[in-house]
1. Starting from the Cα of R63, step 7 Å along the direction of its Cβ; do the same at F8; then give the gap between the two resulting points in nm.
2. Of the residues E52, E295, E34, which exhibits the maximal mean-square fluctuation in a Gaussian network model of the chain defined by a 10 Å Cα contact cut-off?
3. Arranged from highest to lowest average of other beta-carbon atoms within 10 Å per residue, in what order do the peptides 88-95, 42-49 appear?
4. Output the lone cysteines of the chain: those with no second cysteine's C-beta under 4.7 Å from their C-beta.
5. Averaging over all projection directions, find the projected area of the Cα convex hull of region 21-102 and quote it in nm² with one decimal place.
6. Could you check which residue among P104, P76, P234 shows the biggest mean-square fluctuation in a GNM of the chain with a 10 Å Cα cutoff?
7. Please report how far the C-alpha centroid of region 147-161 lies from that of region 124-146, rounded to the nearest whole angstrom.
8. Using only the heavy atoms of the protein chains and a 1.4 Å probe, how would S290, S121 rank by accessible area, largest first?
Amino acid sequence: MTGLRDQFGRTIEYLRISVTDRCNFRCSYCMPLEGLPWLPKSDILSYEEIAEVVRQLAPLGLRRVRITGGEPTIRPQLATLVRMLRDVPAVEDIALSTNGVRLPELAPELARAGLVRVNMSSDSLRPERIASIARRDLRFDPVAAAEAAQAAGLAPIKLNVVVMRGINDDEVLDYARLTLERPWHVRFIELMPVGEMAALSADHVVPSDEVLRRIAAAFGPLEAVAGPALGNGPAAYHRLAGARGSIGVITPMTHTYCGSCNRVRLTADGRLRTCLFGDHEVDLRTPLRSGLPLEPFVHRALAEKPQEHALLARRVGGLRALSQVGG
Ligand code: SAM
């Protein structure tokens, strides 16, 4: 095995696979209300093509995959892809990122197909507020969706909350309370200044240190814990005394974790992106459809994986200053 190492010696073992650019939500921090110029169907990798990318990366060191989007559950027959990925011998972990709307309906089938775990975005527990943040009223109950995932045997279950001052930060304690009652891992994510919220982001970012302080003030001290066994991503985990679940923070803006970044992303149209931000990418679809081996293209992409993400490098919006306020 040659191994997948980038120019800074980081080992790459984790691939995020976007199966569609489309979404049934229109969260203002993520996507314009009118949607995006969607990719034509012929540009989008088929499930067989996605599985072939994973089959070629597995001998190079790929161990874990995450299916994401857009919203992955709106692509038909997602379980078919899960089954194909499960059949790649070296792949140990298959996770899904979803907004949860279709989980009650799909979780049992996805679990049977080989899905291991799920991360669900959940910016609010209140139906009318979900509709206002997502700008779609899909009448959906995130707690019921997470319960459906749990009942299907998916574990661990992580809930991702993008905390926005004045928009949903009054629910931080409700989410913390949820971890007392349920074996779920709630992760508070710092808003990143992209999309329509970019200009306003400095007003809406709540540094994670402030989130943790607020929780500790209300519920008592938080103990630093290792976090769930599966998915050693960028979150730092804590636990309230007696809690069944944990509280994580993901701090893209106030603390860099790029130094331990072990991930790359496959876009729905087959580009391998080595950083969420910036244009560091290599087209895999053309060699894939020409029957060429992908390894040289992958190494070329990794040779250019940036040391840290562009938002951090540019110190966008004076967020360094905010992090100091946040302690
Ligand atoms: N639709 C799927 C979902 O809801 O998880 C997968 C894609 S979604 C873009 C992945 C995650 O990115 C979600 O948790 C979402 O909240 C987060 N996200 C998107 N834009 C963000 C931003 N500007 N700042 C912080 N997190 C963001």
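1. Here the answer is 2.1 nm between the modelled labels.
2. The residue with the greatest mean-square fluctuation here is E34.
3. Highest-to-lowest ranking by the protection proxy: 88-95, 42-49.
4. So, C23, C258, C261, C275.
5. 6.1
6. Most flexible of the set in this elastic network: P76.
7. Rounded to whole Å, the Cα centres lie 17 Å apart.
8. From most exposed to least exposed: S290, S121.
The values are calculated or read from the model by the stated rules, or taken from the named source; none is laboratory data. All values reported here derive from a predicted model rather than from experimental measurement. No Cβ is skipped: glycine too gets one built from the backbone with ideal geometry, and neighbour counts run over all protein chains shown. To get the accessible areas, we keep the full protein, side chains included, count just its heavy atoms, and leave off ligands, DNA and RNA. Shrake-Rupley method; radii C 1.70, N 1.55, O 1.52, S 1.80 Å.
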